[in-house]
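The values are calculated or read from the model by the stated rules, or taken from the named source; none is laboratory data. Given the structure is predicted, the values throughout are model-derived calculations rather than measurements. Methodologically, a virtual Cβ is constructed for each residue, glycine included, from the backbone with ideal geometry; neighbour enumeration extends over all protein chains shown.
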Amino acid sequence: MSAPVLTEEPGAPATASPGIGTRLLRGVLPYVLALVLAFVVSGIVIVALGYDVVGAYRTILTTSFRTGFGFTETLTKWVPLTLLALGFTIPLAVNRFNIGGEGQLLVGATAAAGVGIVHADLPAAVLLPLVIVAGVLSGALWAGIAAFLMGRFRVNEILSTVLLNFVSFQVLDYVATEVWSDPAAGVAATQRVGAGALLPDVGGPPGVHAGILLAVLVTLVTIVVTRRTAAGFELRAAGTNPRAAGINGIRVEKVAVLALITGGALGGLAGALEVSGVHGRALEGMQSNFLLIGIIVGLIARGSALWVPVVAFGIAILEVGASSMQRTVGVPAEMVLIIEALILIFLLLSDVIAGRLARRAA
Amino acid sequence: MSGPAPAAPAGSAVPGSPRPLTMSGISKSFGSVRALSDADFELAPGEVHGLVGGNGAGKTTLMNVLYGLYRPDAGEVHVDGREVTIRSPRDAIGLGIGMVHQHLLQVSTYSVVENVVLGTSGGSGGLRQAARRITELSDRFGLAVDPRARTDRLSVGARQRVEILKVLYRGARVLILDEPTTNLTPQEVDALFASLREIVAEGTSVVFISHKAREVLAICGRISVMRDGRRIATVPRASTDATGLASLMVGELAGERTSEVAAALGVGEVASAAAAEEPVASTPDGPALLSVSGVVAHNDHGVAALHGLDLEVWAGEVLGVAGVAGNGQVELAEVLAGVRPVRQGSVRVGGSELAGAPTRRWLSAGVAYVPEDRHRDGILGAATVTDNLLLGAQRDRAYRRGGMIDWRRVREHARDTIDRYSIKTPGPDAPAGNLSGGNIQRLVLARAFDREPSVLVLQNPTRGLDLRSARFVYDRVRDARDRGCAVVLISEDLDELSLLADRMVVLYSGEVVGERRRGHYDAYELGRLMAGLREDA
């Protein structure tokens, strides 16, 4: 059906622009509502399960700030969450879904650990950059498989990235049990990397591994590139309207391939930082549920590189609070995942409702 | 142009019986824009009722309200004297109201019968019974179509007949046709009108939406004129003429170039009027600026749509490409814009070969493209006007500073462009998709001209535009030609082509089947070429 031609005159102003206060309210309101509703509904579930809801929520929200360790742990979680969320949102800007973050993280971690083990004797000034570059490159390469299949044969990138996750489990498993295995670890884990591959702490005590600085830098670069450079402009254009972008000389498929590879590089970086900053090795299960939560972060931030770090911080608070809640109040930590999912669902719902209201008001 | 035979206006109101349809006090706003304000409309049994007005006058919106596609903010609809609320097309169909849209909504892989019964309960007897009824209806009303043919194999004219049959099959007593002649050859228009006369003779009423005064005068018994979202007059055919109708539609005609008004409103002898206004261009000499030879290109389904096409366009010339939609126009436009791969043959601009080169190379060779579907191909709807004006030039040195886009410079340029092209927008940061069709086209043209093109390719550049915006496009096309641009104007509007083209070729089935120079344009002769009748036939 043809879109209605709204104006006779070449364009009466389409909509009167509302005041900045109204705009801010309209922007923030859905978030506040979604948060409140998510906590209310989860509260009902917690009560129904027979737990102390006030205690549970107090623990969730305050753990990160009561102790230095809580805060350190929050920042430590913030790093992979932010990186995986950006790894998801960058391809998302061209309408491609990178669901392979955990595979990219694991492969990146495996490569980083490998370099850290093989060249364990090198000094930190040489080894640390090598370890991180190895992680980034192998993450990019891993996503590059899916990107190549997508660009060359139009293989759906959702399928290929998800399936590559399963392959990555086997890669890590093989390396951790056959190549550089550490039988004493109790789980499938590699040997420890050399001392030169470990990131020093900053701040504290207790400090946070210096990888956080790198994550902050990467976030800033992502923001600047997407907003200020021709590459970022082309990324947005290709995502907003691929046909119009193509007609105006942008090679949409190439942009998408590069975006997916970039996403993989960020996943690989997250893996390398987990090895160098947290575990000192690659081990089974190190991907935690960073991918899932990273996607939630990216979606709650609505794909904006500016909001991803902020949302990731909020989610990291919940995540850290969750394990503490399980210890103190007995509510299963998974409850927090329910809260996060509900925030996202209510946010999406409020979009629909706000759209309806705007249409009715109009 | 001799125009359709002036047959007696079809259908006249039968006095006494209840009105099949009255609408009153209908208002509808989209955002802060009032599309309809207190509009009314009344239909008599067995009449063809013309609904005319410039673009944005509210014709289609009013009928979309009637068909249940929009809910009115206020107003009443009565069918056969009973007040009704129409919430959806299903309600409308239940009340005997059917609509054929400008863009045909069909499942292209279904057969005609399947498309016709789609959405009905099917009835007893299945498809064979349905096919028999369709054949009967098509015989009765002269709507020739094979019920078993696959829809995507049919011409646009035939697909439109399918839509009309679909409405009749469901027993509609009110048939709404939205700009039904847009994609038809003059001959097909005549056939459509003959069918409409048969249809109203059996008591069905027809609403004929158009902005072409000439067609409305040829078929309608009464004509309602809309302007600014309300009906401003209803006149019987007998008491008006093209000029009278045109002045009702536009408001006043003072100061407008008559041939342009005529082209935009379709009121008569455009070709001769245009020819009288402008001298025939002299035959160009020297090598052509744009030369296309032996080009083969595929459509979106991988089937050859251009079969060894040759074209030459000289600098300072407007080449018109006429033809019925679906004969390779889209493919030709996209080949010339460097968007669609050239399977065979060559496209040279100023001597350098561009076939096979990426789109960016075509752009830097000076090719600018104004696509047919502005919303889909022309703009980033969700992005700002500024972004859209930058699109394609984002890597230009003029807009770079320290490896980044110099947004201050870009904004300055955008504001300046908005001024120069009179783009009506709430601001440079407003989403381009919210602009009206005319302003989107201004934006697209502004961007095209920013590149100082040497080859300009336009497809149906005034479709859906109001008179003022259409004039703006015409002026820009002439500017481009005068500046030495080679212009290719691909259009389904013979009036528009007659007005602008120095030379016209007819595209049929992916080949050029005829060429005429300015001064030798005859609508019926061109119509025969467009229908695929070779010159020697």
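Test B:LEU290 against the stated conditions and say whether it is away from chain A (no Cβ under 14 Å) and under 26 Å from the mean Cα position of the chain (by Cα). Criteria not met by B:LEU290.
Evaluation of B:SER436 against the conditions (1) within 18 Å of the chain's Cα centre (by Cα); (2) more than 10 Å from every other protein chain (Cβ to nearest Cβ) shows that the sole unmet condition is (2). Determine, yes or no, whether B:ALA276 is at pLDDT 90 or above, away from every other protein chain (no Cβ under 14 Å) and surrounded by fewer than 22 Cβ atoms within 10 Å (Cβ to Cβ). No: the conditions fail for B:ALA276.
When B:VAL324 is tested against (1) without any contact (Cβ under 8 Å) to a residue 60 or more places away in the chain; (2) among the hydrophobic types (A, V, I, L, M, F, W, C); (3) more than 13 Å from chain A (Cβ to nearest Cβ), exactly one condition is not met: (1). Mind checking which residues of segment B:31-86 are without any contact (Cβ under 8 Å) to a residue 12 or more places away in the chain and more than 14 Å from chain A (Cβ to nearest Cβ)? Across segment B:31-86, the qualifying residues are B:ARG82, B:GLU83, B:VAL84, B:THR85. Being modelled with pLDDT of 90 or more, at positive phi and not in a strand (DSSP E or B): is that true of B:GLY68 here? Yes; evaluated as a whole, the condition is true for this residue.
Of the residues B:VAL174, B:VAL145, the single one that is over 22 Å from the mean Cα position of the chain (by Cα), touching a residue at least 60 places away in the same chain (Cβ under 8 Å) and in the same structural domain as B:PRO45 (by TED's automatic domain parsing) is B:VAL174. Just one of the listed residues (A:THR89, A:THR74) is more than 29 Å from A:GLY239 (Cβ to Cβ) and not in a loop (DSSP other than H, G, I, E, B), and it is A:THR74. B:VAL145 falls short on exactly one of the conditions (1) of a type outside the set (S, T, N, Q); (2) closer than 26 Å to B:LEU533 by Cβ; (3) part of a helix (DSSP H, G or I), and that condition is (3). Does B:ASP387 satisfy being within 11 Å of chain A (Cβ to nearest Cβ), in contact (Cβ under 8 Å) with a residue 40 or more places away in the chain and of a type outside the set (Ser, Thr, Tyr)? Answer is yes for this residue.
Apart from one condition, A:LEU29 fits all of (1) modelled with pLDDT of 85 or more; (2) within 26 Å of the chain's Cα centre (by Cα); the exception is (1). Scanning segment B:78-113 for residues that are in contact with a strand residue (DSSP E or B) (Cβ under 7 Å, 6 or more places away or on another chain) and within 18 Å of B:VAL206 (Cβ to Cβ) returns B:VAL79, B:LEU95, B:GLY96, B:ILE97, B:GLY98, B:MET99, B:VAL100, B:HIS101, B:GLN102.
Entry remark, segment B:428-454: residues being surrounded by fewer than 18 Cβ atoms within 10 Å (Cβ to Cβ) and modelled with pLDDT of 90 or more number 1 in total.
Does any residue of segment B:12-25 turn out to be in a loop (DSSP other than H, G, I, E, B) and modelled with pLDDT of 75 or more? Please lay out each step first, then the result.
Restricting attention to segment B:12-25, the residues satisfying the condition of being in a loop (DSSP other than H, G, I, E, B) are B:12-20.
Remaining after also requiring modelled with pLDDT of 75 or more: B:19-20.
Yes.
Counting only residues that are over 14 Å from A:LEU84 (Cβ atoms) and within 14 Å of chain B (Cβ to nearest Cβ), give me the helices (runs of 4 or more DSSP H) lying completely in segment A:222-320 with at least 3 of them. Counting at least 3 such residues, we get A:230-240, A:242-247, A:252-273.
Being on the phi < 0 side of the Ramachandran plot, at the interface with chain A (Cβ under 7 Å from one of its Cβ atoms) and over 27 Å from the mean Cα position of the chain (by Cα) is a condition met by at least one residue of segment B:344-365.
Give the residue that is farthest from the chain's Cα centre (by Cα), with candidates limited to residues of segment A:238-264 that are farther than 22 Å from A:ILE99 by Cα and among the hydrophobic types (A, V, I, L, M, F, W, C).
Step one: filter segment A:238-264 for residues farther than 22 Å from A:ILE99 by Cα, giving A:241, A:243-251.
Add one more test, that the residue is among the hydrophobic types (A, V, I, L, M, F, W, C), and what stays is A:244-245, A:247, A:250.
Working: A:ALA244: 30, A:ALA245: 27, A:ILE247: 32, A:ILE250: 27 Å.
Checking each candidate, the answer is A:ILE247.
Considering the conditions (1) at pLDDT 95 or above; (2) surrounded by fewer than 16 Cβ atoms within 10 Å (Cβ to Cβ); (3) more than 25 Å from the chain's Cα centre (by Cα), A:ALA185 is excluded by exactly one of them, (1). When we screen B:ALA382, B:ALA398 for residues that are at pLDDT 90 or above, exposed (fewer than 15 other Cβ atoms within 10 Å of the Cβ) and at the interface with chain A (Cβ under 8 Å from one of its Cβ atoms), the only hit is B:ALA382.
On inspection, A:VAL202 qualifies as farther than 30 Å from B:LEU390 by Cβ, away from chain B (no Cβ under 14 Å) and either touching a residue at least 60 places away in the same chain (Cβ under 8 Å) or of a type outside the set (S, T, N, Q) (or both). B:LEU309 meets the conditions (1) assigned to a strand (DSSP E or B); (2) in contact (Cβ under 8 Å) with a residue 60 or more places away in the chain; (3) more than 28 Å from the chain's Cα centre (by Cα) in every case but one. The failed one is (3).
Being within 20 Å of A:ALA146 (Cβ to Cβ), assigned to a helix (DSSP H, G or I) and over 13 Å from the mean Cα position of the chain (by Cα): is that true of A:LEU61 here? Judged against the criteria, A:LEU61 is not a match.
Once segment B:204-220 is narrowed to residues that are buried (at least 23 other Cβ atoms within 10 Å of the Cβ) and of a type in the set (Gly, Ala, Ser), the residue that is farthest from the chain's Cα centre (by Cα) is B:SER205. Only residues that are loosely packed, with under 13 Cβ neighbours inside 10 Å and not in a helix (DSSP H, G or I) were counted across segment A:145-182, and they come to 1.
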